[in-house]
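The values are calculated or read from the model by the stated rules, or taken from the named source; none is laboratory data. What you are looking at is a predicted structure, and each value in this text was computed from that prediction instead of being measured. Here the Cβ positions follow ideal geometry from the backbone for every residue, glycine too, while neighbour counts run over all protein chains shown.
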Amino acid sequence: MKAFDYVEIRVPAKPQYVSVIRLAVSGLATRLGFTYDEIEDLKIATGEAVTNVVHHAYDGEEGEVVMGCALFENKIEIMVADYGNSFNFEEVKTKIGPYKEDENVAMLREGGLGLYLMDTLMDEVKLNNEGGVTVFMTKYVTREQVEENVERITT
């Protein structure tokens, strides 16, 4: 028996397909028992990753976005990949924020908000930028924090 189910969708790297990916993620997350707010976070983070591909990966040429979801019992792992232009993640990350409490959110630099949102809304975010860009995002299902098979105390 497999430890997870895997779903993959390939769409053209065009703005009108971002909503298709967001809808797919929403449906898959619902199956795992994520809350409404968690599903919204997943949709925003995934939408930002796909939007980055649409705007930056192919420089006006045709290309595609690959979105893969690994569905585990307690988490969802989302991969968004392209085969277009890569970028220096560490350099971009230094230009995003705010990471300091004294900075105002209104002062965020344009172009880095997507990475900031992904990092903030997901539990884990990893990037591979060799031969295109692949973003791996993980979100854990938050359930009751009580262990199963524990002795109950009644009053």
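In region 11-41, the qualifying residues are those that are among the small types (Gly, Ala, Ser) and closer than 19 Å to Thr51 by Cβ, and the one that is surrounded by the most Cβ atoms within 10 Å (Cβ to Cβ) is Ala29.
Among the residues of region 3-15, what is the count of those that are over 17 Å from Lys75 (Cβ atoms) and part of a strand (DSSP E or B)? Residues flagged as over 17 Å from Lys75 (Cβ atoms) and part of a strand (DSSP E or B) within region 3-15 amount to 5. Listed by first and then second residue, the pairs linking a residue in region 117-130 that is over 16 Å from His56 (Cβ atoms) to a residue that is among the polar types (S, T, N, Q) and not in a loop (DSSP other than H, G, I, E, B), with Cβ atoms under 6 Å apart and 6 or more places separating them unless they lie on different chains, are Asp123/Thr138; Glu124/Thr138.
Do we have any residue at all in region 114-127 that's part of a loop (DSSP other than H, G, I, E, B), touching a Ser or Thr at 6+ places or on another chain (Cβ under 9 Å) and modelled with pLDDT under 80? The answer is no, given that none of the residues of region 114-127 is part of a loop (DSSP other than H, G, I, E, B), touching a Ser or Thr at 6+ places or on another chain (Cβ under 9 Å) and modelled with pLDDT under 80. Taking region 36-72 as the range and being of a type in the set (Ser, Thr, Tyr) and either more than 20 Å from Asp119 (Cβ to Cβ) or free of Cβ contacts under 8 Å to residues at least 24 places away in the same chain (or both) as the test, the residues that pass are Tyr36, Tyr58. Note on region 16-36: residues that are aromatic (Phe, Trp, Tyr) and part of a helix (DSSP H, G or I) amount to 2. The residues in region 6-28 that are among the hydrophobic types (A, V, I, L, M, F, W, C) and more than 12 Å from Gly68 (Cα to Cα) can be counted, and the count is 4.
Counting just the residues of region 1-35 that are small (Gly, Ala, Ser) and in contact (Cβ under 8 Å) with a residue 40 or more places away in the chain, which one comes out farthest from Ala81 (Cα to Cα)? Here the residue is Gly33.
Tally the residues that are out of contact with any helix residue (DSSP H, G or I) (no Cβ under 9 Å at 6 or more places or on another chain) and closer than 17 Å to Met137 by Cα, restricting the search to region 29-52.
2
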